[in-house]
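The values are calculated or read from the model by the stated rules, or taken from the named source; none is laboratory data. Keep in mind that this is a model prediction, so the values were computed, not measured. Backbone-built Cβ (ideal geometry, glycine too); neighbour counts: all protein chains shown. Please note that ligands, DNA and RNA were not included when accessible areas were found on the heavy atoms of the full protein model with its side chains. Shrake-Rupley method; radii C 1.70, N 1.55, O 1.52, S 1.80 Å.
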Amino acid sequence: MDVKVKICGITSVADAEAAVEAGADALGFMFYEGSPRRISVETAQAIERQLPPFIIRVGVFADPAPEDVFSAMHQSGLNLLQFHGRETPEFCRQFGMMTMKAFRIRDAESLREIPNYQTDAFLLDSYVAGKAGGTGETFNWELAVEAGQFGKPIFLAGGLTPENVADAVRTVRPFAVDVSSGVEQSPGKKDPKKMRDFIAAVRAA
């Protein structure tokens, strides 16, 4: 099965259309304070209306209030929720929609809490102190291989670029790869060529 590609941190219709044209399977919208790629629910809604129906729309949250998640769900046409903070297993289960919990991987100890979550998928990102994601740092991909034992689809993130993603795919064989800063001109502004090169590298691997 082909590895899926999620382009995260989409902030404009132009970048969304370029990502779709490049072959992305899913787009991520950042709804949490502190992200340089954060957008409003209204902006996400305007982008979502321009997307073809087969694109997965992912809302990315970090320690949100439940009512904010429900509001984004209903206004932005989301079909996957990604939780990137300290959300509990119970919190993630309350929304009646596909969910994915992100884990910041520092060492083997970082894998211990993963089995406590009954989300539909797990996203593995790099641990960088004080940052929830989008850091451009990689982690030990062998730990992502170990996470496959938990029986859920793995989204591999953390420092992926057009230059290293083929190695990541061959090493981990994830369900999907997730990229943000690795295909940008600047935080929140995607580079169409980098997105095309990234997705071509995934498909070739």
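When the Gaussian network model of the chain links Cα atoms closer than 10 Å, the mean-square fluctuations of Asp107, Asp191, Asp125 top out at Asp107.
Considering only beta bridges that DSSP places wholly inside the chain, some 10 percent are antiparallel.
If each residue of separation counts as 0.36 nm, what is the full-extension length gain between Met98 and Asn79 once their alpha-carbon separation is subtracted? Spell out each step's value before the answer.
Values: separation 19, 0.36 × 19 = 6.84 nm, distance 0.66 nm.
Net length gain for the segment: 6.2 nm.
Spin-label model, Phe150 to Arg203: label points 7 Å out along the Cα-to-beta-carbon direction sit 3.1 nm apart. Taking the charge dipole of the chain about its Cα centre, with +1 at Lys and Arg Cβ atoms and -1 at Asp and Glu Cβ atoms, the residue from Ser71, Ile199, Pro187 reaching farthest to the positive side is Ile199. Rounded to the nearest 20, the size of the Cβ-charge dipole of the range 23-158 about its Cα centre is 160 debye, with Lys and Arg at +1 and Asp and Glu at -1.
In the context of the full set of protein chains, the chain has a per residue accessible area of 45 Å² (1.4 Å probe). With R₀ set to 41 Å, the beta-carbon distance separating Asn116 from Glu163 gives a calculated FRET efficiency near 0.75.
Across the accessible surface of the chain, with the other protein chains kept in place and a 1.4 Å probe, carbon and sulfur atoms take up 47 percent.
Contour minus end-to-end for Glu21 and Lys189, with contour as 0.36 nm per residue of separation and end-to-end as the Cα-Cα distance?
Values: separation 168, 0.36 × 168 = 60.48 nm, distance 1.60 nm.
Gain in length upon complete extension: 58.9 nm.
Less than 5 angstrom separates the built amide H of Asp191 from those of Glu184, Gln185, all sequence-distant by 5 or more or on a different chain.
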